[in-house]
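One structure is given below, encoded as structure tokens.
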Amino acid sequence: MARVLVVEDNVDLAYGLQNNLEIEGHEVRVAENGEAGLKEAGQWDPELIILDLMLPDLDGYRVLQHLRRSGNPTPVLILTARGEESDKVLGFRLGADDYVTKPF
């Protein structure tokens, strides 16, 4: 199965995602902020990144922008409470592969 990196600061939501993905057979790591997410993405080489936008220290847009500018092609699924059309457009322009709003 796939290596999945979850970048989410809500501990309960991160745990739920991790638990469900692991039940499906995926290997999962969780990063609780943007800086940790970038570090984990570079060191672990996940096959999918599930990325929140509203993160402490470095928001998800900046994480995504850094990933794409550094040439990281890993698919990124944005999972966020920000559901405005402008948020979605920005996410896709910065290189997101999909965009899902909470609650899901």
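The values are calculated or read from the model by the stated rules, or taken from the named source; none is laboratory data. Predicted, not measured: the structure shown is a model, and the values here were computed from it. Reconstructed Cβ throughout: ideal geometry from the backbone, glycine too, with neighbour counts over all protein chains shown. Ligands, DNA and RNA are excluded from the accessible area calculation, which covers all protein heavy atoms including side chains. Shrake-Rupley method; radii C 1.70, N 1.55, O 1.52, S 1.80 Å.
P(r) for the chain, from all Cα pairs and a bin width of 5 Å, is 2, 14, 26, 28, 19, 9, 2 %, short bins first.
Largest GNM mean-square fluctuation across 27, 40, 85, computed for the chain with C-alpha springs under 10 Å, falls on 85. For the chain, the Cβ-based charge dipole about the Cα centre amounts to some 380 debye (Lys, Arg positive; Asp, Glu negative; other atoms uncharged).
Normalised per residue, the accessible area of the chain is 56 Å², obtained with a 1.4 Å probe and no contribution from ligands, DNA or RNA. Per the 1.4 Å probe, what fraction of the accessible area of the chain, in percent, lies on carbon and sulfur atoms? The value for the chain is 47 percent carbon and sulfur by accessible area.
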